[in-house]
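Written out below as structure tokens is the structure these notes cover.
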Amino acid sequence: MIEFNKDKKEKTNSMKTRMLTAAIVCLLALCSKSIAQDTDPISVSRPEILPTTPAAAALIRNVTYPVNYSSGLVDINIPIYEIKIGEITLPIALSYHASGFRPNSTGKSWVGEGWSLSAEPSISRSIAGQDDFDTYGYYSMGCSSKRNDVNFLYKWAKGEDDGQPDQFFYSLIDKSGSFYFSYKRDNDTRVIKTHPYQPVEITTNRFESSRFGHEFHITDENGFQYHFGRSISGNKIYMERSATSYNVLQDATDWKVISWKGTEIISPSRRDTVSFIYDEYQHMTDIDKGNDFLQIEDRSTYTGAVTGEKIYPKLTNFINNRTYINSVDVTEPSSLLNIILNEVSVGAMPEKHPIMKELMLKKISYRGGWTEFQRDAYQNLEYISVYDIAGGLLKKVRFYYSDFSDSRSKSCFLLDSIDVIDSDGKMVERYRMGYYDHSYTPLHGSLREPDHWGFWKKDLSGEPSQTMTAIAKPKERIKVSNVISGIPHDNLELTVMGDEKQAGELTCRRGVLKSIVFPTGGITQFDYEQNYYGPEKTPARLVGGLHIREIREYDPVSGKTMIKRLEYGPGSMLHIPNDYDYYYSQEIEYYVNGNRYESVRSRNYMARPKTNFLYPGGMPIMYEDITEYRLYVNGNDTVDAGKTVYNYLFYDGTYADSLLFD
């Protein structure tokens, strides 16, 4: 069963994010002049990327990335089973997100690339700045009353204090949404606010001294109660955590909670309870945590320079979180690639790996039986088995996969088929899936293949980029200065072997769902088009990601095929990328005993942008006007079935905006 949007007109919130303190951060964090030693300079450092589990990422994406024509997507949903006990009905289903292949995404899903399984309620979060529950986090400090405090704003810009709450995302049986911590202005009392508003009551409390000890409770408008993080009995704690470590076997010290798993659902009458049990799976992630980073320091005004003394530009290059070059003197025209090959110093900075303690659903218990979830050797979901109260098998669902990565990593799988088996062990239903362009095997965790928006960008027949750095390609040659007798001379050039970030035509279609064959013999096929902005599609206007262009649904009973063809109006982008999104410059002044002795120009080129190109949830573009044309084809006969025009109204009503009015 695949569900599509049928409303003629829809309204959806624009996900246009405007950072709460953009002006403050730009003023402080990207200031043109910084002072060292007496006051530490504020600079844009390489970001620490906190990994999240595939299930947590799917929850955030499903809340913030609308699956409708405004994002170019359709709702692709396969029901697996439905648990019915008293007042509680809990569906177990697969859903597919056809936005395109992202090689640096959150790692493999346990039900195949692009697919997610909805069964248990959960809460995930996106950390803004510091962890809300840290000592200097938003929840701990009560920051809403400090927004006009200059000292606080300065510490916020330096990353010492937390000035913006984390955004939390929740998923219940029949609804999902987000919330954040806020404070009442009169007494700084903590409150939880949903955004957008939903009539649910959310509470939290700490059950141990550690910041990890928070549990959540949600009661919806119908009286259903959901518990997250700790079971009612208190003997089970289910929270997913992530950190960085030099070795997956070495327990890290910087663990942060990234999601709280549902432990129980209680019916309004309190007669029925559904309970959830999980297995913990600790592992390294395939996500590349590092950010290739090139720093050039030149135009030194060292006051102690003697006549004829030369001060050469300094170059520092970070690759995959390792310092490969440390303060190399650029003494003649050269290329970054040659410098790296000649000056590489492997092991100068040991590489850290993101690791996580992921929770995998193991069992759902309820009055009348239970449902079990069994994984294979690669941690993919292999079986879902449903049992009655006496332990008799009622139904079994088996999942089959093919490897979409190289034979060594086993990091990416495609869901090939699903078999439904009855209580006698007989296969009674089968779903089969087909995918586009999966002959080449890209790996998760690479910075060298994504476009500006994080999607795969290489030509379908091409190999990954072999450049030694993944920084966004700036101008071909960068002028650098040496200093002779205290006077700068722009007489050197540095050629940077950077990475081109422009999106490619249908390059991110690798491994994207092409067709589903249903147990009835029905077939649904999907055809995609590359996203683009403006009135027409040109290579320069291509945007990362895909939108649905055509859907073909074949009915074996009638022999007819229904075709839906979609035409999109101009797409709306949050920001058009440019070179300055990957670059910033500073003048740093060094002082000793209050006296300046040197100033240096510091230019910094990055692989990841300092500007946000994406709407919340990772959506690269939004469409306001879409026309759906419908045709019925039966042999040589084609019947025009009319059209539907979809109009989406976007407004800036986002989580970040709402903070302005707290």
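Below, the figures for the structure above:
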{"read-out": "Counted charge near residue 89, where neighbours are those whose Cβ lies closer than 11 Å (Asp, Glu -1; Lys, Arg +1)", "value": "-3"}
{"read-out": "Semi-axes of the equivalent ellipsoid for the stretch 492-602, Cα gyration tensor, largest first, Å", "value": "53, 15, 13"}
{"read-out": "Convex hull volume per residue for the stretch 571-639, taking Cα atoms only, in Å³", "value": "163 Å³"}
{"read-out": "When each of 457/479; 193/501; 175/363; 108/175; 256/514; 396/564 is checked by Cα-Cα distance, pairs over 32 Å", "value": "193/501; 256/514; 396/564"}
{"read-out": "Total formal charge among the other residues, if their Cβ is under 10 angstrom from that of residue 453, Lys/Arg +1 and Asp/Glu -1", "value": "+2"}
{"read-out": "Mean Cβ neighbour count within 10 Å, used as a protection proxy, ranking 517-525, 394-402 highest first", "value": "394-402, 517-525"}
{"read-out": "Global geometry of the stretch 84-130, whether rounded, prolate or oblate, following the gyration tensor of its Cα atoms and the 1.5 cut on a/c", "value": "oblate"}
{"read-out": "Local electrostatic count, residue 387, Cβ distance below 12 Å [Lys/Arg +1, Asp/Glu -1]", "value": "+1"}
{"read-out": "Segments 369-377, 637-645 sorted - mean Cβ within 10 Å per residue, highest first", "value": "369-377, 637-645"}
{"read-out": "Unit charges on C-beta of K, R, D, E only; dipole of the stretch 563-624, Debye", "value": "200 debye"}
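A short reminder: the numbers here are calculations on the coordinates, not readings from a lab. Because the structure is a prediction, the values reported are computed rather than measured. Ideal geometry is used to build each Cβ from the backbone, glycine not excepted, and the neighbour counts take in all protein chains shown.
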